[in-house]
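Throughout, read-outs are computed from the coordinates displayed, never taken from laboratory work. This one's a predicted model, so the numbers in the text were calculated from it and none came from an experiment. Because the Cβ atoms are built from the backbone with ideal geometry, glycine has one as well, and the counts that use them run over all protein chains shown.
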Amino acid sequence: MNFEIVTDSSCNLTDEQIEQYDLHIISLNYNIGDSVFYSYKKDKPTDLKSVYTSLRNKEKITTSLISYSEAVSVIEPLLSEGKDVLYIGFSSGISGSFQNVCNVAEDLREKYPNRKLYCVDSLCASMGEGLLVYYVLQMKNSGETIDICRDWAEQNKLKICHNFTVDDLFFLKRGGRIGATTALLGSLLGIKPVMKMDEDGKLCVVAKARGRKAALDALVDSMQEKAIEPEKQIVFISHGDCINDAEYVKTQVMSKLGVKEVVINYVDAVIGAHSGPGTLALFFMGNKR
């Protein structure tokens, strides 16, 4: 079991989970004005309330991919200590960060030929990526090998269901996800898109709800249709500074599906810059996406 698991700041696991499992995080960055910030830095929590206040004021926040040097700084020390590494990364369908880390891994394999260094494209985002990482961490702690953990992640990643909605179409429009006319009409009519992550790790709209509560209920309805033994699952919910809505969805999945454990956390600043305040996402294991 002499291996370590590495993932990205986009996994959105809680600080408590990261510390409990000694998880290694490669951070994406975001920029406000001329200032550059890490999305995750150990013992230096991001003031996400402030980030979302800036977004509500429609301030421009730009984001950056994982850099070569940042990936090296996390992975190489583990290899130099004689450990193997399993990296589980942010979906290649919406970010180039995974490919950047793969480039680093290719170079490091030449430098450390006796070490195993595996890269898994999670095809997941936010706490969906986090949920996949969580299950693999459980396997590692149970004594499974790096090869078994890698194979399980590859075989099960498309069972991690991502259902989410956004409250303000402005951010999807600004990021080019929807057109200006669609955003304007949707806002005027109170339309809230219900979206998912597809099997290519890309975002797609699956339904349109009239009003916020209808959109939140649609997330729960989808889980009722797809979840595998929900009463035995841990469910993750991430939110863009809308904790009351997250608590509402938590109550619904616990009462309607018998879910016993739900973990809630913020959508990080990098993803939040593109999805906006009011984003609410529900993640669980299902029979298909």
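Taking Lys and Arg as +1 and Asp and Glu as -1, the other residues whose beta-carbon sits under 10 Å from that of residue 78 total -2. Tally Lys/Arg at +1 and Asp/Glu at -1 over every other residue whose Cβ is under 11 Å from the Cβ of residue 98; what's the total? Every neighbour counted, the sum reads -3.
Taking square-rooted eigenvalues a ≥ b ≥ c of the alpha carbon gyration tensor, is the range 1-147 rounded, prolate or oblate, where a/c under 1.5 means rounded and, failing that, a/b exceeding b/c means prolate? Prolate, because a/c is 1.5 or more and a/b exceeds b/c.
Using only DSSP helix segments of four residues or longer, with each worth -39500 (n - 2.57), what per-residue ellipticity at 222 nm results for the chain after dividing by its residue count and rounding to 500?
Numbers: 11 runs with 122 residues, N = 289.
Taking each H run of at least 4 residues, the total per residue is -13000 deg cm²/dmol.
Distant-in-sequence amide contacts of residue 4, defined by a placed amide H-H separation under 5 Å and a gap of 5 or more residues or a different chain, comprise 84, 85, 86. Helix 68-80 axis versus longest C-alpha principal axis of the chain: approximately 40°, rounded to the nearest ten.
Highest mobility in the GNM of the chain, judged by mean-square fluctuation with C-alpha springs under 10 Å and restricted to 159, 226, 256, is found for 256. Which of these, 37, 236, 164, has the largest mean-square fluctuation under a Gaussian network model of the chain (Cα springs below 10 Å)? Of 37, 236, 164, the most mobile in the Gaussian network model is 37.
Run the numbers on the range 181-289 and let me know its relative contact order in percent, using alpha-carbon pairs under 8 Å that are six or more apart.
Values: 157 pairs, mean separation 31.1, N = 109.
Result for the range 181-289 is 29 percent.
Need one number: % antiparallel among DSSP beta bridges in the chain, to the nearest 5. Here the antiparallel bridges make up roughly 60 percent for the chain.
Taking amide H as placed 1.01 Å from N in the peptide plane, residue 278 has its amide H under 5 Å from the amide H of 240, 241, 242, each at least 5 places away in sequence or on another chain. Within the listed set 197, 254, 127, the Gaussian network model of the chain (springs between alpha-carbon atoms below 10 Å) gives the highest mean-square fluctuation for 254.
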